[in-house]
Amino acid sequence: MSENTLLFELLCEELPPSSQKQMSDFLATEIFNQLNQNKFTTSNSKLNIYSTPRRIGFKISHTATKSPDELTEIKLMPKKIGWVDDQAAAPLIKKLESLNLIDLKDSLDNFIIQDEVLYAKKNIEGTSIVEFIQKELNQVLKKMPIEKVMSYQLADGWTSVNFARPAINLICMHGSEILDIEILGLKANNIIQGHRFESTEALSLKNADQYEDLLEKKGNVIPEFDKRYDEIQNQISHLVKNLGNNYSCPLDNELLEEVTTLVEKPNAMMGSFDSQFLDIPSECLILSMKSNQKYFPVLKDNQLTNKFILISNIYPKDPSMVIKGNEKVIYPRLADAEFFFSQDKKRSLTAMVSDLDNIVYHQKLGSLNERCLSVSKIFNHIRENTTLNSNHDSDLLAKLAKADLSSLMVGEFPELQGIMGKYYALASDMDEDFAQAIEDHYKPKFSGDELPKNDTSLILSLADKFTTLIDLFSIGEKPSGVKDPFALRRAAISIIRILIECDINLDLIELINKTFPGDHEEDKAQLIDFIYDRLENFIKDRGYETLVVQSVCDSQPRLINDIIFKVEAVNEFKKIDLSENLAQSNKRVLNILKKYDNPLTDKVNQDLLESDSEKLLYQSIVKVNENNKGYLEAKKYNILLNNLIHLSEPIDNFFEDTMVNADDKDIKHNRHLLLSELNKAMNIIANLSVLGT
């Protein structure tokens with residue numbers, strides 16, 4: 001069976017940049033997987049995915065013209081129904097006729113008999129690649145991840161089809177053969193349409209393997225996304241290198257990906273703007289360049305310059321016209337930023353605070369000014385109950401941290417909230433530590449983002465995020481499924497990161513108990529569970545075993561700053577031979593205690609300890625607790641867990657020699673008290689019973 005390269009390209013009007021690559025990846029991988037499952041491909045088959053502003057497609061090497069024939073067994077019917085009086089009965093004959101296997105009716109030897117059921121072997125002929133691809137494309141196109149489907153009419157004026165954008169041309173080839181495929185009103189051909197501006201002639205493709213080379217060299221299109229991505233990086237690097245060693249261009253991956261979706265053949269050029277705009281905070285200029293114009297800023301000695309790099313989709317003979325056009329476009333953008341900044345500076349940050357009463361935080365929660373009171377309260381709690389230190393007025397800081405929300409600059413660029421607050425605070429001669437906290441209290445904004453820099457920043461950041469969680473949970477605004485409109489998961493993960501990575505000894509439960517509205521106990525419990533669920537996932541994402549993480553998080557430790565050390569200690573403890581025995585024993589103890597209804601608040605009565613095994617167990621618990629008290633204070637969790645090994649033999653002897661549910665009620669109660677003490681001793685930093693699951 002011959003093998004050739006399968007090629008598919010769908011040419012469209014400009015595709016949405018946000019979903020272009022996702023659409024192409026989905027199409028290619030779905031078709032490749034289906035070809036693989038139906039044995040069209042081999043171990044040598046390679047998938048190339050194509051994605052440009054105007055085309056999506058793929059190329060798969062070593063694909064067969066037809067899937068292999070398969071000999072399969074078909075279940076027919078019970079033998080007693082199909083074969084009667086040593087001949088095929090009417091039901092069997094009818095079934096064989098429907099399967100085109102009537103020749104088998106003459107002898108029972110023609111059938112396979114398993115468990116008194118008749119089976120027949122039939123050769124299922126393979127499917128041609130034309131038939132298979134037509135069928136799969138029809139199905140895959142219906143499932144494409146298209147953000148907004150567009151309905152448009154075909155040339156006949158009657159037929160309407162749906163796709164992301166109107167389709168213009170379809171190429172589908174297998175080797176040198178044009179496959180008889182039709183989708184979206186287009187029949188497959190072998191004609192390549194190159195770059196909209198840099199290629200004037202239609203190109204005829206003789207073989208699928210020539211596609212990339214022909215499209216790049218004569219069509220002036222780089223069809224592979226990753227190749228264009230790398231080309232843009234290389235061109236930017238070359239331009240910056242020509243400026244000198246102290247110049248740089250920080251590459252924003254998100255912007256780089258977006259620009260890659262906007263061009264078919266990138267051409268990086270260097271432009272500049274009036275240096276007067278450098279008086280505006282660099283964050284404003286960079287954001288304006290990136291978000292509005294898709295430019296890459298150029299730095300010198302890590303300071304913004306008036307140069308920028310643009311990525312064009314054309315190669316004009318005179319690039320200066322393109323550069324001048326872009327410089328002309330960016331001027332009003334930067335002029336707007338200059339105006340916003342100058343106007344904002346006419347008001348002090350303190351004056352902006354008065355606007356907070358007019359900004360709604362949430363319909364059920366009042367204004368931003370009211371929210372600031374909650375932030376101030378939690379700020380004071382954190383300051384008083386941790387080692388973090390700040391001398392600033394919490395009420396003033398909470399209000400000034402949100403004051404820039406009423407500024408013109410933040411109104412135009414919401415991404416600058418906090419950043420502009422810092423600039424306006426410094427312009428008002430406020431303390432640098434104070435100003436830094438205004439910027440940092442939004443951090444971390446995303447996974448991997450840097451954390452707040454100083455104690456005041458850390459306290460304010462924590463207070464702000466706890467306020468968000470407590471306020472919104474108290475009114476029932478909880479995340480549901482994939483929906484999280486208030487970014488509460490991000491707020492919880494940010495709190496967890498700050499407490500762990502900055503080693504802050506904050507009692508989570510105490511803070512929530514003191515600040516959560518008193519008449520919302522169920523909501524409060526849900527918030528606590530929510531935070532610890534995020535904590536568990538956060539630790540598991542670092543590569544730790546699920547059961548180990550669950551054992552440590554099960555009891556919802558109030559302090560989580562050292563939780564990674566506990567997880568690592570349990571992870572090492574699990575490798576010890578006797579750890580499994582202890583885990584199972586602990587599980588047995590918990591099951592016994594769950595079935596005992598009486599409260600276990602009093603102490604073990606030594607006078608009621610009868611057998612030597614329970615006396616030894618009591619003494620072992622006392623000794624282990626004495627040692628582990630010091631290990632716990634010193635955070636020597638490995639030694640603490642290893643010390644529990646001394647309980648293994650006494651526990652085994654106790655269960656072998658002692659009846660916990662004794663006839664005497666006092667002895668029975670005392671033995672449950674003993675097991676309660678054992679449970680506390682064993683689960684001092686983790687629920688070891690989880691390890692025995």
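Quick note: the coordinates plus some simple rules give every number you see, no bench work behind them. Just so we're clear, the structure is a prediction, and the values are computed from it rather than from any experiment. Counting neighbours? That spans all protein chains shown, and the Cβs are built from the backbone with ideal geometry, glycine included.
Here are some notes:
- Residue order, fewest to most surrounding Cβ atoms within 10 angstrom, among R489, R383, R55: R489, R383, R55
- The distance between label points at K623 and Q363 comes to 6.7 nm (points 7 Å beyond Cα on the Cα→Cβ vector).
- Which of D355, D230 has the fewest Cβ neighbours within 10 Å, and the rest in rising order: D230, D355
- For K317, the lysines whose Cα comes closer than 19 Å to its Cα, not counting residues fewer than 8 places off in the same chain, are K217, K218, K265.
- Residues listed by number, region 149-170, amide nitrogen under 18 Å from K218 label point at 7 Å toward C-beta: 170
- For the pair K328 and E568, the difference between a 0.36 nm per residue extended length and the Cα-Cα distance amounts to 80.6 nm.
- Site pair L593 and N138 shows an inter-label distance of 6.4 nm when each label is modelled 7 Å from Cα along Cα→Cβ.
- Ranked M682, M659, criterion: other C-beta atoms within 10 Å, fewest first: M659, M682
- Between K345 and E116, the modelled label-to-label distance comes to 9.7 nm, taking each label 7 Å out from Cα in the direction of the beta carbon.
- Listed candidates [x] 289; [y] 184; [z] 147 - label of the one calculated as volume of the Cα convex hull per residue in Å³: [x]
- Taking 0.36 nm per residue of sequence separation and removing the Cα-Cα distance, the D226/L71 pair yields an extension gain of 51.6 nm.
- Among the trypsin sites (Lys or Arg not before Pro) in region 114-159, those placed in a DSSP loop whose Cβ has at most 14 other Cβ atoms within 10 Å are K148.
- Förster radius 41 Å - calculated FRET efficiency between D652 and D433 (Cβ-Cβ, nearest 0.05): 0.10
- Once backbone amide H atoms are built at 1.01 Å from N, L118 has L76, M77, K79 as its partners under 5 Å, excluding neighbours fewer than 5 places away on the same chain.
- Distance from the alpha carbon centroid of region 42-95 to that of region 367-395 works out to 68 angstrom.
- Amide H within-cut-off set for W83, under 5 Å, with H built and near neighbours excluded: A89
- Scalar couplings 3J(HN,Hα) for region 236-245, obtained by applying the Karplus form with A = 6.51, B = -1.76, C = 1.60 to θ = phi - 60°, are 4, 4, 5, 4, 5, 4, 5, 7, x, 5 Hz; x denotes Gly and Pro.
- Across K595/K665; K514/K629; K290/K422, pairs whose alpha-carbon gap is larger than 19 Å: K514/K629; K290/K422
- Percent of Cα pairs exceeding the 21 Å cut-off, where the set is region 576-692: 34
- Backbone N under 13 Å from the L632 label point (7 Å along Cα→Cβ), restricted to region 675-693: 677-687
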